[in-house]
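Okay, structure first, notes after.
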Amino acid sequence: MAKERSINNYQESTDPRGGNEALGQSEAFLEFQERLSQVARVNRSVLLIGERGTGKELAAVRLHYLSQRWQGPLVTLNCAALSPLLIESELFGYEAGAFTGAGSRRIGRFELAGEGTLFLDELANIPMEVQEKILRVVEYGSFERVGGSRSIQADVRIIGATNIDLPAMVMEGKFKQDLLDRLSFEVLFLPPLRDRKGDITFLAHHFATRMAFELGQEKAAEFSEEALDQLEGYLWPGNVRELKNVVERAVYRARGSLITHITFDPFQSPYQPDLAQAKREPAPVSEYPKLTHQSFSQAVQGFEISLLKQAVTQARFNQRKAAQILGLTYHQFRGLYRKYGDRLK
């Protein structure tokens, strides 16, 4: 049954309307796609929450083309790319003479998206005063252009995306509770790549094959067992976008079709510091942690979590290197990592 679902999902994902990089066969990925397909048919606002590189824009495109509005326009606004002063005029447009430099009327994104979908990427960057106007559109289906007084009807479905905790922003007074209530008919959380079991190798082969074709190579790129272990042992803080860059770089740098080495950090210098000088410098003395009211077991757990976090950061999220830093085997490290789970994120 899972295999059948995987094949069906792959066929749907290669549909040009849905974004040809929304690929996967893991349970987490397939469950997300099922929820997305279900809510796409309902003409209500949807929020997409996910880390950078998880494919929020691809999910928005898929939501639009699976909805009843698929024949209408899909209009996108990246709210992080504009200053707060420009967001309002971009969304609602403006009349001639509304401000200095407004020589003629300009149509905003809400009008352009009429009978279609408006995708607000980086939603958390919208200033409070503009949130108030968006709330009016959602509640009453109308708005006025900047500098205008005529009410304009807006038949638009809003899809928002962010990696910010919006309820926390509400508590801080940076996001309107009423607007969050209106936009969150459904909230979909995109699974990070580290939780998509099996998709790392699946996607790596996909990106490698495409890159080899782009470079005009006769043979398809393949990975050695060591290279696959490196890919599977990495935590992928940049998710699918980072995986794509890493794999394409590996194919480009490989001498032949077999990839034996993976470079995760392109900024890592090949030139090492003077180790002899470093050895002459005294090592910093770390202080013992002060005693607290914690129990012994709690203190030990806290110390283990701290060591794991430091090692993972120092190893640039490569779990095998983190294990070496701590003097553990890879399986010992994985056991501790699974033990503490979300407390390490």
Only unsatisfied item for residue 241, checking (1) over 12 Å from residue 203 (Cβ atoms); (2) basic (Lys, Arg); (3) modelled with pLDDT of 90 or more, is (1)
For the stretch 143-159, pairs from a residue that is modelled with pLDDT under 90 to a residue that is exposed (fewer than 13 other Cβ atoms within 10 Å of the Cβ) and of a type in the set (A, V, I, L, M, F, W, C), with Cβ under 9 Å and 6 or more apart or across chains, are 146/99; 147/96; 147/99
Which one is farthest from residue 106 (Cα to Cα), of the residues in the stretch 147-173 that are of a type outside the set (A, V, I, L, M) and surrounded by 15 or more Cβ atoms within 10 Å (Cβ to Cβ)?
163
Residue 156 - would you say it is among the hydrophobic types (A, V, I, L, M, F, W, C), over 21 Å from residue 57 (Cα atoms) and assigned by TED's automatic domain parsing to the domain that holds residue 64?
no
Exception for residue 99 within (1) in contact (Cβ under 8 Å) with a residue 40 or more places away in the chain; (2) out of contact with any Lys or Arg (no Cβ under 9 Å at 6 or more places or on another chain); (3) under 24 Å from residue 61 (Cα atoms) falls at (3)
Restricting the stretch 30-70 to residues that are in contact (Cβ under 8 Å) with a residue 12 or more places away in the chain and among the polar types (S, T, N, Q), the one farthest from residue 189 (Cα to Cα) turns out to be 68
Hey, among 227, 220, which residue is of a type in the set (A, V, I, L, M), in contact with a Ser or Thr (Cβ under 9 Å, 6 or more places away or on another chain) and surrounded by fewer than 17 Cβ atoms within 10 Å (Cβ to Cβ)?
220
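On the basis of being surrounded by 18 or more Cβ atoms within 10 Å (Cβ to Cβ), among the small types (Gly, Ala, Ser) and modelled with pLDDT under 90, does residue 24 make the cut?
no
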Looking for whichever is assigned to a loop (DSSP other than H, G, I, E, B), over 30 Å from residue 203 (Cβ atoms) and modelled with pLDDT under 90 here; the options are 114, 97. Which one fits?
97
Over the stretch 70-105, the set of residues under 20 Å from residue 119 (Cβ atoms) and acidic (Asp, Glu) is 88, 90
Filter the stretch 59-90 down to residues that are modelled with pLDDT of 95 or more, part of a helix (DSSP H, G or I) and not β-branched (Val, Ile, Thr), then give me how many there are.
6
Screening 109, 136 for residues that are surrounded by 18 or more Cβ atoms within 10 Å (Cβ to Cβ) and basic (Lys, Arg) leaves only 109
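The values are calculated or read from the model by the stated rules, or taken from the named source; none is laboratory data. Given the structure is predicted, the values throughout are model-derived calculations rather than measurements. Here the Cβ is made from the backbone with ideal geometry for all residues, glycine too, and neighbour counts use every protein chain on show.
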